[in-house]
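Everything on this sheet refers to the single structure shown next.
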Amino acid sequence: MTGRRTAGNTRRATGVASRTWPLALAVLFGALLVWYMVYTAQIVRSRQADAETFTRIYAQVQSGLTSLDPGAELAALTNLQRELVELGVPFVVTSEPGHRYNTSANLPFAVSNPPTEEETDRILRYARELDERNEPVGDPGIELVHYGITPEAARLQWIPFLWASGLLLTVLLAVTMFRYQRRTAAEQAWTAMARELAHQLGTPISSLQGWVEVLGLSRGERPGEMGQQEVAVAIGEDLVRLERVSRRFELIGRDPELRPVSLKDIVAELRNYMEARLPRLGPGVALHVDVPDDLPDVLGHEVLLAWALENVVKNALDAMAGTGGSITISARPAEKRRVVLRIRDTGPGVPFEIRDRLFDPGVTTKSGGWGVGLTLTRRIVQGVHRGRIELLDRGDRGVTFQAWLPLATDDGGAAVKPAARG
């Protein structure tokens, strides 16, 4: 019970994290977008204000040129100078020769009017800094204007760095989220695998414990007066089952050697194993097999293929628990030297919201399930056997899993017929 609660907490924590990280990224992108839109709007308003200023400057020049008043030209120049100062461009005017301070406007620091000697030295140092950015204009022998850029242009210089920082932060958050989700998924997968291993080992171990208890009874007390030979045979079957389970999990993460195997034999063995475990009380479940005797061998691993098919059939049995129905396993040769295998049940079907994620780790329709069986099946079919498996049906009732497996071929490319067995 503690393990189940812990697993449930892990799944809930994973779900919360998977929802929180995308939300955080969305908020970050939204903040960057809002900031960019607001700042762009400010720049547009500033450009509009500059356009108005340039228009007034033109009007002042035009007024001075067309006026018949002798003092109009001087007034126009005075107004023109005021308009230029209002543009916000910092500048320092020096008299040449001697580089003597004359006047200044829009300085980034406060100065007296007139400036003190110390402030004058600071202004001249600032003029030299402006010269490093922009070549001064004017007559070098008379007067030079050392100028900078408007505050809007200065702020524009930071936009590439701010965007680069925002994008870098977003990438870092995305990488962190991806690594966290991968680590969480890996931990969840290992937990699910451990539980699956314990579940598969539990059945034969419990059976062995029962047989040990039977051996401790006298012959007359044993069920059906079983002899030691019958008990030994049953123990041998459970040991084979244990060995098979251990081989299955031993092969996880490896690239096993693929050989020609008979899909018909694998299905027949699975049928014998599952029929002894089909529900007998209440609504029963019928297991049908439709595999032709001359079905060509497939290139695969017998243990892993049997495990993959068993996972699908067990899921179908769990889905039809209490309701009954049928499971049909069929196989036929297909194009491109493949065999198509279908496992269809008449159960309640798969909920629409998880159909596209049915093979993902942790996705399950069972309340106590871990969502690892179909994930292993897909890994075995697609990762190990280079085949393909998919959920075929899209109806409300019944499920059909369809898998394509490569045929085993001889050196000439012909499919290998099943060898005589028995």
In the range 75-87, which residue that is modelled with pLDDT of 70 or more, of a type in the set (A, V, I, L, M, F, W, C) and open to solvent by 40 Å² or more (accessible area, probe 1.4 Å) is farthest from residue 147 (Cα to Cα)?
-> 75
Take the residues of the range 173-204 that are closer than 24 Å to residue 310 by Cβ and open to solvent by 70 Å² or more (accessible area, probe 1.4 Å): which is modelled with the highest pLDDT?
-> 203
Of the numbered conditions (1) within 30 Å of residue 382 (Cβ to Cβ); (2) touching an Asp or Glu at 6+ places or on another chain (Cβ under 7 Å); (3) at pLDDT below 70, residue 219 satisfies every one except a single condition; which is it?
-> (1)
Which residues, counting only those in the range 115-157, are loosely packed, with under 11 Cβ neighbours inside 10 Å, part of a loop (DSSP other than H, G, I, E, B) and at pLDDT below 85?
-> 140, 141, 142, 157
Return yes or no: is residue 103 of a type in the set (Val, Ile, Thr) and within 17 Å of residue 147 (Cα to Cα)?
-> yes
Which strands (runs of 3 or more DSSP E) does the range 230-345 wholly contain that include 1 or more residues that are modelled with pLDDT of 80 or more and open to solvent by 70 Å² or more (accessible area, probe 1.4 Å)?
-> 259-261, 285-290, 325-334, 338-345
Which ones in the range 90-132 are without any contact (Cβ under 8 Å) to a residue 12 or more places away in the chain and in contact with a helix residue (DSSP H, G or I) (Cβ under 8 Å, 6 or more places away or on another chain)?
-> 112
Which of the residues belonging to the range 21-53 are of a type in the set (Ser, Thr, Tyr) and at pLDDT 70 or above?
-> 36, 39, 40, 46
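The values are calculated or read from the model by the stated rules, or taken from the named source; none is laboratory data. If you're wondering where the values come from, they're calculated on a predicted model, not measured in any experiment. Here the Cβ is made from the backbone with ideal geometry for all residues, glycine too, and neighbour counts use every protein chain on show. For the accessible areas, the whole protein counts, side chains as well, though only heavy atoms, and no ligand, DNA or RNA atoms are used. Shrake-Rupley method; radii C 1.70, N 1.55, O 1.52, S 1.80 Å.
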